[in-house]
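Down below is the structure, laid out as structure tokens.
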Amino acid sequence: MDIILIQDVDNLGGKNELVKVRNGYARNFLIPQGFAVEASASNKKQLEERLKVAKKKEDAMLAQINSVISKLKEAPVRVGAKTGTSGKIFGSVTALQISRAIRDQKGYDIDRKKITVNDEIKELGMYKATVDFGNGQNAEIELEVVAE
């Protein structure tokens, strides 16, 4: 029997997937529990429409991510840090400070957990950090660490 999964089912498939299972498993477990619906012609059309809408949303999200990436790569992000007389920073620059600097200068609120600093920042100068947007979308941004 062909069914359309409404939600992810372990060892069977993911949401909005058309799978073939035994009749008893579908009728006695999957359909009554609300995990699946029978793959009738109307349900298949609804599935196609849901997939089209999801594809449009994903394309719009990727376009927005690409615009954010291009905006972040335009100019280096300036991060202020307290320094001693020799130019060394007290402590180090963290992802939280970088996130706040991006929010203040570029206008984008990026979660600090998505920012990875490539080198440990202990002195003033230019550095690189990677921002992970998910879906395989990464951006390497330049940081300019300056004295406050």
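The values are calculated or read from the model by the stated rules, or taken from the named source; none is laboratory data. Computed from a predicted structure; not experimentally measured. Note that each Cβ is placed from the backbone with ideal geometry, even for glycine, and that neighbours are counted across all protein chains shown.
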Practice task
Run down 57, 128, 44 and say which single residue is at pLDDT 90 or above and outside any helix (DSSP H, G or I).
Solution key: 128
Handout entry: Matching entry among 93, 117 (being aliphatic (A, V, I, L, M), touching a Leu at 6+ places or on another chain (Cβ under 9 Å), more than 28 Å from residue 61 (Cβ to Cβ) and surrounded by 14 or more Cβ atoms within 10 Å (Cβ to Cβ))
Key = 93
Exercise for the section: Within the stretch 26-33, identify whether any single residue is outside any helix (DSSP H, G or I) and small (Gly, Ala, Ser), and answer yes or no. Expected result: no
Fill in the blank from the handout: Exactly one of 22, 27, 78, 50 is under 30 Å from residue 142 (Cβ atoms), surrounded by fewer than 16 Cβ atoms within 10 Å (Cβ to Cβ) and modelled with pLDDT of 90 or more, and that one is 78
Completion exercise
Checked against (1) closer than 30 Å to residue 128 by Cβ; (2) part of a loop (DSSP other than H, G, I, E, B); (3) among the basic types (Lys, Arg), residue 71 satisfies every condition except (2)
